[in-house]
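K.L.:
Structure provided below as structure tokens; questions to follow.
What follows is calculated from the coordinates using simple rules that are stated; it is not laboratory data. As the structure is a prediction and not an experimental result, all values here were calculated from the model. As a convention, Cβ positions derive from the backbone with ideal geometry for all residues, glycine included, and neighbour counts pool all protein chains shown.
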Amino acid sequence: MKKISLLSAMFLFATCIIFSCKKDTVAPPANPCTGVVISINASQTAPTTGQSNGSITVTATPNGTYTYSINSGAYQSSNIFSNLATGTYTIKAKNADGCESAVSTVTLSSSNPCNGINITLTPVTTFADVCPTTNNGSITLTASGSNGFTYSKDGGTTFQASNVFSNLAAGNYPVVVKDVNGCTKSQSVTVSANPGGVKFNLVRNLMIAKCGSCHFNGGNNGSVNFDDKCNIVNQWDRINFRCVVQGTMPPTPLSTSEKQTITDWVNAGHRYID
């Protein structure tokens, strides 16, 4: 009997040990990222040269709730990374279970803000007077094809907000218009000398024809040089006296109609501009 009792006790003990071990053995939890493959796609906006205005927009699949990281930084809920300069960036996405995508590399290259910009420039000028010589010419520039224009008349050395340049002498001006992104359009614009009035030019042409050998091409033998148009204006009384009143000049006397041409100019005020 004692032998049987001892065997029974040993059996019960072994049974307890076996069941106790089975009860304490717990299977580890399943990995939520097993078999999960997160793919990301990145679209980009190139930054303007020298600026930090580029961006990267990340799209993760499959559908779900994700956070996003750039250059191994903290994860954020937004899938857009802004204010980026040129350079290479590493991007990752992570789902709600903490499963991460593989690293994606995105390179931002600068863009030329003037690509596709076609600025047109239309100048309007006014004459500059030459007798007397006066810096009263002007240039008005009209630009289109972009926005935020500033204007220069010295080849782009200095710019101003106004599209009007005043107090200009006769001559050529290398004008430049520049838009808000620095895109430019250049053009040479001529401010012409005032050609003079009709009556003045009739007198000048008459003198070229009748007095050219003495008074033009630098003058001859100390005679007044009428290459300078203002000298004709300044010598109006001498011209009128000798050619009309006295009639001694030129060597070949003027006809009645030619004298009348001078008289009409004198009576109109003997000015460069009638």
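K.L.:
Could you please tell me the mean projected area of the C-alpha convex hull for the chain, averaged over all directions and given in square nanometres to one decimal?
P.N.:
Working: hull surface 103.7 nm².
Value for the chain: 25.9 nm².
K.L.:
Here is a further query. Just from its helices, what would the mean residue ellipticity at 222 nm be for the chain, if runs of 4 or more DSSP H residues each count -39500 (n - 2.57) and the sum is divided by every residue, rounded to the nearest 500 deg cm²/dmol? Show your work: numbers first, answer last.
P.N.:
Working: 5 runs with 64 residues, N = 274.
It comes out at -7500 deg cm²/dmol, rounded to the nearest 500.
K.L.:
If you don't mind, there's one more thing I want to ask. So, in the chain, how many Lys pairs have Cα atoms under 19 Å apart, if the pair is 8 or more places apart or on different chains? It would help to have the intermediate numbers written out before the result.
P.N.:
Details: LYS153/LYS178; LYS153/LYS185; LYS199/LYS210; LYS199/LYS229; LYS199/LYS259; LYS210/LYS229; LYS210/LYS259.
The number of close lysine pairs in the chain is 7.
K.L.:
Which whole DSSP H helices in the chain pass both tests: a Cα extent of 20 Å or more along the axis and a mean Kyte-Doolittle value no lower than 0.5? Each step should come with its number before you reach the end.
P.N.:
Working: long enough: 2-24 (33 Å, 0.94); 198-215 (23 Å, 0.46).
Qualifying helices: 2-24.
K.L.:
Run the quick spin-label model on ASN135 and SER111: label points 7 Å from Cα toward the beta carbon, then report their separation in nm to one decimal.
P.N.:
Output for this residue pair reads 4.4 nm.
K.L.:
Regarding the range 198-267, what is the average projected area of its C-alpha convex hull, in nm²? The partial results should precede the final answer.
P.N.:
Working: hull surface 17.0 nm².
The orientation-averaged projected area of the Cα hull of the range 198-267 comes to 4.3 nm².
K.L.:
Report the gain in length on full extension from ASN71 to SER162: 0.36 nm times residue separation, minus Cα-Cα distance, nm rounded to one decimal. Write out the running numbers ahead of the final one.
P.N.:
Numbers: separation 91, 0.36 × 91 = 32.76 nm, distance 4.60 nm.
Additional length available on full extension: 28.2 nm.
K.L.:
Please label the shape of the range 14-148 as rounded, prolate or oblate, based on the square roots a ≥ b ≥ c of the eigenvalues of the alpha-carbon gyration tensor (a/c under 1.5 means rounded; beyond that, a/b larger than b/c means prolate, else oblate). Can you show the working numbers first?
P.N.:
On the way: a/c = 6.88, a/b = 6.05, b/c = 1.14.
Here the range 14-148 falls in the prolate category.
K.L.:
For the range 39-108, count the residues as N, evaluate 2.2 N^0.38 Å, and divide the Cα radius of gyration by that value, please. Kindly include the intermediate steps, with their values, before the conclusion.
P.N.:
Values: Rg = 12.0 Å, N = 70, 2.2 N^0.38 = 11.1 Å.
Ratio of Rg to 2.2 N^0.38 Å for the range 39-108: 1.08.
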